[in-house]
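Below is one structure; the comments refer to it alone.
The values are calculated or read from the model by the stated rules, or taken from the named source; none is laboratory data. Just so it is clear, the model here is predicted, and its values are computed rather than measured. Every residue, glycine among them, receives a Cβ derived from its backbone with ideal geometry; neighbour counts consider all protein chains shown. Remember, those area values only see protein heavy atoms, side chains included, never the ligands or the DNA or RNA. Shrake-Rupley method; radii C 1.70, N 1.55, O 1.52, S 1.80 Å.
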Amino acid sequence: MSAPEPQTAPPAEQGAEPLPVVVVGAGGMGRAWIGTVLRSDAVRLVGVVDIVPGAAERAVAETVPPQRREGVVAGTALAQVVEASGARAVVDVTIPAAHHPVTTEALHAGLPVLGEKPCAATLAEALSLAGHAETTGTLFMVSQSRRHNPHLREARRLAEELGGAGVVTTRFSRAPRFGGFREEMAHPLIVDMAIHAFDAGRVLIDADPVSVDAVSANPPWSWYDGDAVATVTIRYASGATHTYTGSWCSPGEETSWNGRWSLSCPRGTVAWDGDTVPSATGEDGQQLPGRAPGAEELWELDASLDAFARAVREGTTPESEVHANIWTQAIVEAAVRSADAGRRVTLDEVLDEALAEAKALDAAGGWSSALTTWENGASGLSRVR
Ligand SMILES: NC(=O)c1ccc[n+]([C@@H]2O[C@H](COP(=O)([O-])OP(=O)(O)OC[C@H]3O[C@@H](n4cnc5c(N)ncnc54)[C@H](O)[C@@H]3O)[C@@H](O)[C@H]2O)c1
């Protein structure tokens with residue numbers, strides 16, 4: 001089975017003018033994105049959209065400095081704000097249920113999209129968006145901000161020096177009291193948080209994920225309705241494994257938000273606490289200190305936005321383009337199914353089912369037939385990252 005090259009990069013743009021963008025979704029994360037856009041030289045904020053009347057205007061008033069507000073159009077409808085502002089790209093920071101309609105509308109208007117994780121609310125919707133990106137020939141990149149961490153890249157470099165990561169483990173322990181939707185979800189840890197570690201694992205391991213074994217639980221003292229604790233093992237085609245053990249209700253000895261990592265390699269082990277520079281120990285006990293990132297390095301949202309703007313400008317396919325990101329969402333969906341069913345779940349199983357659903361969704365919408373050429377759920381995806 002060979003995957004086609006992603007077909008979603010738009011033609012290269014002329015000149016180095018900042019890309020005019022509209023931020024859609026003016027909630028907590030939307031405000032963080034407005035700040036990220038404002039401090040970037042590669043893009044320019046020209047619009048903010050939120051479906052709740054007045055929310056976009058409030059976000060602009062509270063986050064955009066007065067001298068920059070005049071050039072920013074606020075409203076409830078994407079098409080109107082794009083028309084009035086001259087936006088040429090979209091940052092989609094809406095709730096997951098809105099990712100599919102918002103991104104579809106933008107792609108069909110010819111606007112490249114940088115969308116917050118998850119790609120979409122379901123794996124079927126995520127595959128449908130890959131089809132819309134193909135049909136429109138327009139870039140859709142998913143922002144998995146935690147993969148844009150220079151320490152994670154350094155951990156990978158150290159692992160490569162030691163022969164490559166083969167046994168990866170992540171320990172995550174926190175005790176946040178969010179309130180709201182996370183405390184009502186069936187699998188808050190796996191769906192809302194572990195997705196970051198699954199995606200980071202894909203940065204560290206050079207292969208496609210193949211299957212998932214997951215066990216989840218909710219301790220008696222948990223303040224979540226759904227399972228706040230899980231152990232998930234992901235097997236890769238190379239034979240590598242990534243085992244994640246996480247808890248969102250473990251006060252006391254908390255890890256960093258990235259978790260604590262160990263990468264076992266043929267000639268040694270890499271250790272990363274998720275916060276500071278990683279280091280490694282060779283098979284002879286020799287210590288290999290990691291390199292600290294340079295002051296010029298971009299992190300997380302800033303790095304993700306920069307990669308997106310560069311890809312739009314140069315007409316290239318960035319990391320985490322939808323065809324590559326779908327592997328991460330497939331791991332999440334397989335983990336939830338494995339935890340619920342008490343059995344190993346292959347990625348082929350969830351991807352094939354999702355492809356059938358996505359084809360039906362696209363046929364009903366009448367906007368995209370690109371997925372009809374996919375032989376199976378994995379055949380259209382890009383390899384590795
Ligand atoms: N990368 C990270 O670390 C991180 C952290 C938090 C949230 N997120 C992601 O960011 C996204 C937004 O999360 P949030 O915490 O800001 O949620 P939120 O509920 O605070 O905000 C979402 C906003 O989207 C608006 N909205 C909903 N449907 C819309 C539509 N069709 N058109 C326009 N606006 C619409 C809502 O009115 C709301 O203001 C989610 O996908 C979430 O998973 C990522």
Label point distance in nm, Ala363-Ala295, each placed 7 Å from Cα along Cα→Cβ: 6.0
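DSSP loop (so not H, G, I, E, B), at most 11 other Cβ within 10 Å: list which GluC sites (Glu not before Pro) in segment 36-135 pass both filters.
Taking segment 36-135 and a limit of 11 other Cβ atoms within 10 Å, the loop GluC sites (Glu not before Pro) found are Glu70.
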Label zone at Arg171 (point 7 Å along Cα-to-Cβ), backbone N below 19 Å, segment 189-212: 194, 197-198, 201
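Using the heavy atoms of the protein chains and a 1.4 angstrom probe, tell me the accessible area per residue for segment 317-374 in square angstrom. Could the numbers behind the result be given before it?
Working: 2340 Å² over 58 residues.
On a per-residue basis, 40 Å².
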Please give the length that would be gained between Ser264 and Asp352 if that part of the chain were fully extended, namely 0.36 nm times their separation in residues minus their C-alpha to C-alpha distance (nm, one decimal). 28.5 nm
FRET efficiency, Arg310 to Glu160 (Cβ-Cβ, R0 25 Å, nearest 0.05): 0.55
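How much length is gained on full extension from Val52 to Ala79, taking 0.36 nm per residue of separation minus their Cα-Cα distance?
Details: separation 27, 0.36 × 27 = 9.72 nm, distance 1.55 nm.
Stretched out fully, the Val52 to Ala79 stretch lengthens by 8.2 nm.
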So, with a 1.4 angstrom probe, what is the percent of accessible area on segment 150-289 that is carbon and sulfur? 52
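Accessible area per residue of segment 61-180 at 1.4 Å probe, in Å²? Walk me through the numbers on the way to the answer.
Working: 4260 Å² over 120 residues.
On a per-residue basis, segment 61-180 sits at 36 Å².
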Segment 276-385 shape via C-alpha gyration tensor axes, a/c threshold 1.5: oblate
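Normalised by the residues of segment 147-268, what does the relative contact order come to in percent, with Cα pairs under 8 Å and at least six apart?
Numbers: 240 pairs, mean separation 51.4, N = 122.
Averaging sequence separation for qualifying contacts and normalising by length gives 42 percent for segment 147-268.
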Output the 0 to 90 degree angle, nearest 10, between the alpha-carbon long axis of helix 150-161 and the longest principal axis computed from the alpha carbons of the chain. 40
Subtracting the Cα-Cα distance from 0.36 nm times the residue separation, let me have the gained length for Ala97 to Gln286 in nm, one decimal. 63.1 nm
I'd like the orientation of helix 195-204 relative to the chain: the angle between its Cα long axis and the longest Cα principal axis, in ° from 0 to 90, rounded to 10. 70
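Which FRET efficiency value, to the nearest 0.05, do you get for Glu184 and Asp275 by plugging their Cβ-Cβ distance into 1/(1 + (r/R0)^6) with R0 = 35 Å?
On the way: r = 30 Å, r/R0 = 0.85.
After rounding to 0.05, the efficiency reads 0.75.
Between Arg69 and Ser256, what is the FRET efficiency for a Förster distance of 41 Å, r being their Cβ-Cβ separation, to the nearest 0.05? Write out the running numbers ahead of the final one.
Details: r = 36 Å, r/R0 = 0.88.
For Arg69 and Ser256, the calculated efficiency is 0.70.
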Rounded to 10°, Cα long-axis angle of helix 123-136 versus longest principal axis of the chain: 50
